[in-house]
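What follows is one structure encoded as structure tokens, with my remarks underneath.
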Amino acid sequence: MNNLPNRQPKADLICFSHLRWNFVFQRPQHLMTRFTGYMRVFYVEEYVIDNVEIPFLQVNNIDENLWIVTPHLPENLIKEEKNIITGLIEQLMKTYQITRFISWYYTPMAMNYSRNLQPEKMIFDCMDELSAFKFSPPELKQREHELLNRCDMVFTGGDSLFQIKRNQHDSVFLFPSSIDFQHFSSARSSLPDPEDQRDIPFPRMGFFGVIDERFDISLLKKMANKRPHWHFIMLGPIVKIDPASLPNNANIHYLGMKTYDQLPTYISNWEVALILFALNESTRFISPTKTPEYLAAGKPVVSTPIADVVKAYGVKDLVQIATSAETFIVAIQKAMDNPNNQKWKKAVDANLAANSWDLTWKKMATLIGIDLIKGNQEAHSKNTKIYV
């Protein structure tokens, strides 16, 4: 790593995230990939416990101007993670000649090892109320309070979050979940049925996303029991809950995690898309990205009464809101009885026309003050490991 090119003092972006880059492709990935057209992006994940003797940073250059940075710590040094990762981040900055930069936070817990940094701008992109999630660290609220006191501006991923954060900071901006319309609208064509879905009978209702403490297990089981000839397809990883707690009806199919590129081929072969979130503390402030994605795919959507879904889509009759297995079944049947609802499709397209990740990212970049004129791209550096 001693042969890095001399760089012009152009600002970089260091993103601290609780989400793995190769997990579900969502808000951080959409935004960070767009920033790479204008600056180097270092995406710092939370540490992993590894069978190593010496802690290190695994730095992988996965795309032009995009590096995924993962701290690896031995189990016996977890209590020292703050000091260790602080040193590793400092070494990262020396190795990659990071002198001017923007700090971008998805997890306030990163304040533990980044509070000594001196960014030109500090951004908190609040996509979830993480303190309400299962297994959240006890000190999360304290770290968020520290981040809110120090950051220059706050972006929120939904209106519910905006309403509470606007009272906690002077510069809070609402940027709801956006859509890559071209990607998901391909599902409106008759795409080939994926191999693991091909033999599942019709009619099909589907869900994609993380299956965790937010998921309404009881609702899914009741619907499957009441409509044994309907088939419910669940795509996504199962985390933070016991898989054995999920219903195992013959008409429920757990097909596991799929890549972002694969999703249109699955949803293209469903009749109805579902948002099966329970109403609890962990879903109080969520704004599911899957809502506009389902709609862009041209599929009718039935959702539990998640506040942001109701406000953005339910009141406009773009998404049907249901509160029980019985009302879900009625709404699903209504959608299947009218598969070519042109009036609804026109209203959906009109709503989504002003809702894109490109537009969201550009508005964010303008607020931050990033020069949106592309310059020469930086030379790649090889993947490396960084030690203190």
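The values are calculated or read from the model by the stated rules, or taken from the named source; none is laboratory data. Keep in mind that what you see is a predicted model, and the values were worked out from it rather than measured. Cβ placement follows ideal geometry from the backbone for every residue including glycine, while neighbour counts extend to all protein chains displayed.
One table, with the values for the structure above:
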{"read-out": "Residues of the stretch 164-190 classified as assigned to a loop (DSSP other than H, G, I, E, B) and either over 14 Å from LYS299 (Cα atoms) or free of Cβ contacts under 8 Å to residues at least 40 places away in the same chain (or both), total", "value": "12"}
{"read-out": "Search result, residues across the stretch 267-285 that are more than 23 Å from ILE252 (Cβ to Cβ) and surrounded by 23 or more Cβ atoms within 10 Å (Cβ to Cβ)", "value": "PHE285"}
{"read-out": "Residue match in the stretch 309-316 (condition: of a type outside the set (S, T, N, Q), under 27 Å from MET127 (Cα atoms), modelled with pLDDT of 95 or more and touching a Phe, Trp or Tyr at 6+ places or on another chain (Cβ under 7 Å))", "value": "no"}
{"read-out": "Residues satisfying the stated conditions in the stretch 232-260, i.e. part of a strand (DSSP E or B) and not small (Gly, Ala, Ser)", "value": "PHE232, ILE233, MET234, LEU235, ILE238, ILE252, HIS253, TYR254, LEU255"}
{"read-out": "Residue within the stretch 81-95 that is in contact with an Asp or Glu (Cβ under 6 Å, 6 or more places away or on another chain) and assigned by TED's automatic domain parsing to the domain that holds ASP159 present", "value": "no"}
{"read-out": "Breaking point among (1) closer than 26 Å to ASP261 by Cβ; (2) in contact (Cβ under 8 Å) with a residue 60 or more places away in the chain; (3) in a helix (DSSP H, G or I), for PHE328", "value": "(1)"}
{"read-out": "Residue that is nearest to the chain's Cα centre (by Cα), among those in the stretch 261-300 that are in a loop (DSSP other than H, G, I, E, B) and hydrophobic (A, V, I, L, M, F, W, C)", "value": "ILE286"}
{"read-out": "Residues of the stretch 140-163 satisfying the condition of being without any contact (Cβ under 8 Å) to a residue 40 or more places away in the chain, under 24 Å from LYS240 (Cα atoms) and surrounded by 15 or more Cβ atoms within 10 Å (Cβ to Cβ)", "value": "LEU140, ARG143, GLU144"}
{"read-out": "Boolean, ASP128 is over 14 Å from GLU46 (Cα atoms) and in contact (Cβ under 8 Å) with a residue 40 or more places away in the chain", "value": "yes"}
{"read-out": "Of residues in the stretch 331-354 being farther than 22 Å from THR304 by Cα and of a type in the set (S, T, N, Q), the one modelled with the highest pLDDT", "value": "GLN342"}
{"read-out": "Given (1) under 19 Å from HIS30 (Cα atoms); (2) part of a loop (DSSP other than H, G, I, E, B); (3) modelled with pLDDT of 95 or more, number of the condition LYS362 does not satisfy", "value": "(2)"}
{"read-out": "Tally of residues being assigned to a strand (DSSP E or B) and either closer than 11 Å to ILE14 by Cα or among the hydroxyl-bearing types (Ser, Thr, Tyr) (or both) across the stretch 64-104", "value": "9"}
{"read-out": "The listed residue being among the aliphatic types (A, V, I, L, M) and touching a Pro at 6+ places or on another chain (Cβ under 8 Å), out of LEU57, LEU92", "value": "LEU57"}
{"read-out": "SER245 vs. criteria buried (at least 18 other Cβ atoms within 10 Å of the Cβ) and hydroxyl-bearing (Ser, Thr, Tyr)", "value": "no"}
{"read-out": "Qualifying residues in the stretch 117-133 (those that are at pLDDT below 95 and not in a helix (DSSP H, G or I)) - the one farthest from the chain's Cα centre (by Cα)", "value": "PHE133"}
{"read-out": "Any hit, the stretch 244-256, residues being within 20 Å of PRO176 (Cβ to Cβ), touching a helix residue (DSSP H, G or I) at 6+ places or on another chain (Cβ under 6 Å) and at pLDDT 95 or above", "value": "no"}
{"read-out": "Residue within the stretch 134-155 that is among the aliphatic types (A, V, I, L, M), at pLDDT 95 or above, not in a helix (DSSP H, G or I) and not assigned by TED's automatic domain parsing to the domain that holds LEU279 present", "value": "yes"}
{"read-out": "Looking only at the stretch 63-116, and only at residues there that are of a type in the set (Gly, Ala, Ser) and crowded, with 18+ Cβ neighbours inside 10 Å, the one that is farthest from the chain's Cα centre (by Cα)", "value": "SER114"}
